[in-house]
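The values are calculated or read from the model by the stated rules, or taken from the named source; none is laboratory data. As the structure is a computational prediction, the values presented were derived from the model and not from experiment. Every residue, glycine among them, receives a Cβ derived from its backbone with ideal geometry; neighbour counts consider all protein chains shown. The accessibility values were calculated without ligands, DNA or RNA, using every heavy atom of the protein model including side chains. Shrake-Rupley method; radii C 1.70, N 1.55, O 1.52, S 1.80 Å.
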Amino acid sequence: MKRIFLCVLALLLCVSILCACGDDTKSSEKAASGNSESKSAVDLAAVMDDISKQFDLSALKAIEDKETLELYYQITASNVKQCAALMSTDTSVNPQEVILVEAVDENAAKEVETTLKNIQQSRLSNAKSYTPELVDLYESCDVVVDGVYVSLIIETRADEIREVYDSYFK
């Protein structure tokens, strides 16, 4: 009787160990989506509105939908979950652009990053035929990626604008 009891107990122990070691992908996916859900709670249009008011960028053209973003920046609309952008109507004279994008996933974020880096390089190449101040401005601005969020800020106060943008993710 003791042997049967010990065998059953050993069997239960083995089963519980195997269950504990199983791959719990659902809870890891839930945890991962929970992290991205808290970040996706950031409304980029509201962030851009705040930036526009704090830095008096109301004269810039606003882009608030992904189809218009694709038209002006060739960022594939299907890669974009939400976006907000402000752009000067003449970047050769007044180089002010603030582009904020939440991509649908990390692969899409990489594509958005590549597109924005190409835009920055194109602007830099064009600026070399104008003034050194424009070259310095374009060289000082970076495309920043944080998970699925991608941004490019081309503005003389880019560091200050980035601080406002980053404050929404804290």
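List of remarks:
- Some residue of segment 135-148 being of a type in the set (S, T, N, Q) and crowded, with 20+ Cβ neighbours inside 10 Å: no
- One residue from Thr131, Thr156 being out of contact with any strand residue (DSSP E or B) (no Cβ under 9 Å at 6 or more places or on another chain), among the polar types (S, T, N, Q) and open to solvent by less than 80 Å² (accessible area, probe 1.4 Å): Thr131
- The residues of segment 18-58 that are over 12 Å from Val98 (Cβ atoms), modelled with pLDDT of 90 or more and in a loop (DSSP other than H, G, I, E, B), listed by number, are Val42, Asp43, Asp56.
- Hits in segment 117-128 - residues which are open to solvent by 80 Å² or more (accessible area, probe 1.4 Å), touching a residue at least 12 places away in the same chain (Cβ under 8 Å) and not charged (D, E, K, R): Asn126
- Residue ID - most open to solvent (accessible area, probe 1.4 Å), chosen from residues in segment 159-170 that are over 20 Å from Glu106 (Cα atoms) and in contact with a strand residue (DSSP E or B) (Cβ under 7 Å, 6 or more places away or on another chain): Arg162
- Looking only at segment 101-116, residues that are free of Cβ contacts under 8 Å to residues at least 40 places away in the same chain and open to solvent by less than 90 Å² (accessible area, probe 1.4 Å) come to 3 in all.
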